[in-house]
1. Find the relative contact order for the chain and round it to a whole percent, using C-alpha pairs within less than 8 Å whose residues are 6+ positions apart.
2. When the C-alpha atoms of segment 198-314 are aligned to their principal axes, what extent does each axis show, in angstrom, from largest down?
3. Which value, in debye to the nearest 20, gives the size of the charge dipole of segment 286-405 about its Cα centre, when Lys and Arg are +1 and Asp and Glu are -1 at the Cβ?
4. Distance in nm between label sites at LEU449 and VAL154, each 7 Å beyond Cα in the beta-carbon direction?
5. What does the charge add up to near GLU286, with Lys and Arg as +1, Asp and Glu as -1, over the other residues with Cβ less than 13 Å from its Cβ?
6. Output needed for segment 243-369: three equivalent-ellipsoid semi-axes, defined as square roots of 5 times the C-alpha gyration tensor eigenvalues, in descending order, whole Å.
7. If every alpha-carbon in segment 108-166 counts as one equal scatterer, what log10 I(q)/I(0) does Debye give at q = 0.24, 0.28, 0.30 1/Å?
8. Search the structure for amide H atoms under 5 Å from the amide H of GLY64, placed 1.01 Å from N in the peptide plane, and list their residues when 5 or more places away or on another chain.
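The values are calculated or read from the model by the stated rules, or taken from the named source; none is laboratory data. Since the model is a prediction, treat every value here as computed from it, not as a measurement. Cβ coordinates were reconstructed from backbone atoms using ideal geometry, including for glycine residues, and neighbour counts include every protein chain displayed. The area values use the complete protein model at the heavy-atom level, side chains included, leaving out ligands, DNA and RNA. Shrake-Rupley method; radii C 1.70, N 1.55, O 1.52, S 1.80 Å.
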Amino acid sequence: MDEGNIRNRKGGNNEDSQSIQSKESTAMQLKKQVGLLSGISLIVGTIIGSGIFISPKSVLRNTGAVGPCLIIWTVCGVIGTLGALCFAELGTMITKSGGEYPYLMEAFGPIPAFLFSWASVIVMKPSSFAIICLSFAEYASAPFYPGCEPPEVVIKCLAAAAIMTITVVNCLSVKLASYVQNFFTVAKMIIIIIIVVSGIVLLIQGNTENFNNSFEGSKITAGGIGLALYNGLWAYDGWNQLNYITEELKNPYRNLPLSIILGMPLVMACYLLVNIAYYTVMTPTELLQSPAVAVTFGDRVLYPAAWLVPLFVAFSTIGSANGACFTAGRLTYVAGREGHMLKFLSYISVKRLTPLPAIVSYGVIGMIYIIPADINTLINYFSFAVWLFYGLTIAGLVVMRFTKKDMKRPIKIPIVIPILMVLVSAYLVLAPIIDEPEWAYLYCVIFILSGLILYFPFVHYKVKWAQKITKPITMYVQMIMEVVPPIEAKN
């Protein structure tokens, strides 16, 4: 369906048609609104969210001791930084939004790109959104249920409310979403600083008992390290977020790599210092038994101002969820624009200049994933799938060094880095399966490959009966949401 349907609905006169056409063009030409500060804020604000407050327990559970736990957090930071450098080369070489999607398309063709968009839009991104909002709900409700875990229905309702609020904010305005992201990034840095400074003071005062014999009781297995890395890397996930909005980034050749170079070391330092702070007041056993690690830390160190911790942790997680929604909506939008998703998902709101259908669909699917409410299961499922595609994307970078030698590369990292990252990705995908095979991993692979059932009739062959199904859906969405197809900006 084209914009003619909207013309008919609004009266069909030429003035309305020209107005809508002008707004469409403006929508596509006003996309570069994210500068360096907002870029750093998006990386730091998306990475530092729920992960540092829920993953320490899982990392410790899979390593068994403080020493290996801190090593895992350091290794995860290094892996995240190397991965971000690989994506910096990809992002400045192929300046399209959508994260891994355009890179897979360029390196391997449409089928891997479609399978990534299929898995991301249906599982990986919405499940990540759900995890973050469930974490927000746990911390936001914790002060009202001292000494016990909040009821599951309360957590689910709060998570649903968070998803709805964030979705509405991102639907309304790109600038509003950016302002919200900047505000919550400042808020989360406040709580990080409070925890870090408190930990440093406690260390100076001699609270170092938990660091003595820090490797005693450790349990090191290939699968255990893989699962520990899953949870640590979940906390670091977000290092590729700017690649999802490259088309909206001012001067991407400069601001994309600079945001990564400034943002990743900051996150890594914060995570290590926060974990050290936790162990100054909690033994490993106490940390594992804590329903909310940061809240327990606040109760022991900051009383009577302990209420500040769950408040600012809630700010931190909601900011991370906002960043995830902001970027994931662009993946859905780009996939729709390329014909790999329903076409209306690439349409732009005439009034709001946002990819409204893409964001709404992301929020709706995210709501579905809060029903299970099992955070650890969701993290493992999410991490397996996401590292499968991270590895494939970075392998594409290596492939394009040989197949597309003439492409402009404003940034060119040593090839040993992407090769190392491909090996790391392979380990993260295979180690947990080999160590403890579970049907869930097979189900994940089957689901990803099941996208081919939709790819061939709807995308590759574009059979007529498929078009008959999607055309009326597109028409009604376009009329209800007042959205139009995108028009490429003229150079």
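1. RCO, the chain: 33 percent.
2. Cα extents, longest axis first: 49, 41, 27 Å.
3. In debye, rounded to 20, segment 286-405 gives about 820.
4. Label at LEU449, label at VAL154, 4.5 nm between them.
5. Once all neighbours under 13 Å are counted, the net charge is 0.
6. 38, 20, 13
7. Taking Cα atoms of segment 108-166 as identical point scatterers yields -0.89, -1.05, -1.12.
8. LYS219
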